[in-house]
Amino acid sequence: VRRVAVALVHHPVLGRGGELLTTSITNLDVHDLGRCVLAYGLEALYVVSPLASQRLLCERIREHWVNGAGGRRIPDRATALAAVRVVADLEEARRAVGGEVESWTTAAEPRGGAVTPYAEARRLLAGDGPPVLLLFGTGWGLAPALLDAAAVRLEPVRAARDTGFNHLSVRAACAVVLDRLFGAPS
Ligand code: SAM
C-alpha cells in the first residue's frame, strides 16, 4: 500500500483568462480538505502558497484550531487541522513527503493525453510504489505544466448521465475523488 498526501495548490494555477496566477487561501477549503484527508486516512494536507502573508494566515488558522481556543471548543476540528502543513511550493511538499514522490493530478478537463480510470488508480495505490502527492487546483484549475508532468492524471469526475457540467468546487471534488480512491464499497 502506498503512502498518499494531498496538496491544495494556490500556485501555479490558471486564472479566468487562461493566465498563470496565485490564488488566495480560503478558510473553508483548508477545513474541508483537512477533514477529508483525516477521514480517508491520508498522511497530510499540504497547503501550497508562495505568498508569505498567505502562509502566515493559514498557520494562524491551524494554530487557532490545533492549540488555541477553537480546538478546546471543538476538538474534532483540532484533529482535522492537525493534518495541515503549510508550504511555499510543491517542491517543499515533495521533500516533506520524502522519497521519489509521484505527482497525481485532478481536473474537470484534463489536457490531451491519457487519463487513468479510478479502478486502475485504486489498483496502483494498493500495490508497492513511491509515495503519491495528489494535487487539487484552485482558481480555474492546475497549471498545464503540472498536468503535463503528472505521473497519473486521474479521469475527471462526472455523472453517469450527460449533465453537460462537471466543474466541482475543490472541496466537493476532493471528497468525491478520495471516496473513489479510498472509500469502502457500499
Ligand atoms: N474557486 C473554485 C472552488 O471554489 O473550489 C475552484 C475550482 S478549482 C478549479 C477545482 C479543483 O477541483 C480542480 O482544480 C480540480 O483539482 C478539482 N476538480 C473540479 N472538478 C473536478 C472534476 N469534475 N473531476 C476531478 N477534479 C475536479
### Message
With +1 on the Cβ of every Lys and Arg and -1 on the Cβ of every Asp and Glu, and nothing else charged, how large is the dipole of region 99-186 about its Cα centre, in debye rounded to the nearest 20?
### Response
280
### Message
Can you give me the angle between helix 52-66 and the longest principal axis of the chain, using Cα atoms only, in degrees from 0 to 90, rounded to the nearest 10?
### Response
70
### Query
What does the charge dipole of region 59-106 about its Cα centre add up to, to the nearest 20 debye, if the Cβ of each Lys and Arg holds +1 and the Cβ of each Asp and Glu holds -1?
400
### Task
Tally up the carbon and sulfur contribution to the accessible surface of region 137-181 as a whole percent, 1.4 Å probe, everything protein left in place.
53
### Task
Rounding to the nearest 20 debye, state how big the charge dipole of the chain is about its Cα centre with +1 on each Lys and Arg Cβ and -1 on each Asp and Glu Cβ.
480
### Message
Can you give me the angle between helix 170-182 and the longest principal axis of the chain, using Cα atoms only, in degrees from 0 to 90, rounded to the nearest 10?
### Response
70
### Message
Using the Karplus curve 6.51 cos²θ - 1.76 cosθ + 1.60 with θ = phi - 60°, what ³J(HN,Hα) values do you get for each residue of region 17-33, in whole Hz, with x for Gly and Pro?
### Response
x, x, 7, 7, 8, 10, 9, 7, 6, 10, 3, 4, 4, 5, 4, 6, 5
## Note on the structure
Here the FRET efficiency for residue 79 versus residue 2, based on Cβ atoms and R0 = 25 Å and rounded to 0.05, is 0.60
### Descending principal axes extents, the chain, alpha-carbon based, whole Å
46, 40, 37
### Query
What is the extension gain from residue 111 to residue 148, computed as 0.36 nm multiplied by their sequence separation minus the C-alpha to C-alpha distance, in nm to one decimal?
12.5 nm
#### Entry: Dipole-positive endmost among 172, 69, 142 within the chain (Cβ charges, Cα centre)
69
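The values are calculated or read from the model by the stated rules, or taken from the named source; none is laboratory data. Everything numeric here is computed off the predicted structure, so don't read it as measured data. Heads up, the Cβs are rebuilt from the backbone with ideal geometry, glycines too, and the neighbour counts pull from every protein chain shown. Quick note on the areas: whole protein, heavy atoms, side chains included, nothing else; ligands and nucleic acids left out. Shrake-Rupley method; radii C 1.70, N 1.55, O 1.52, S 1.80 Å.
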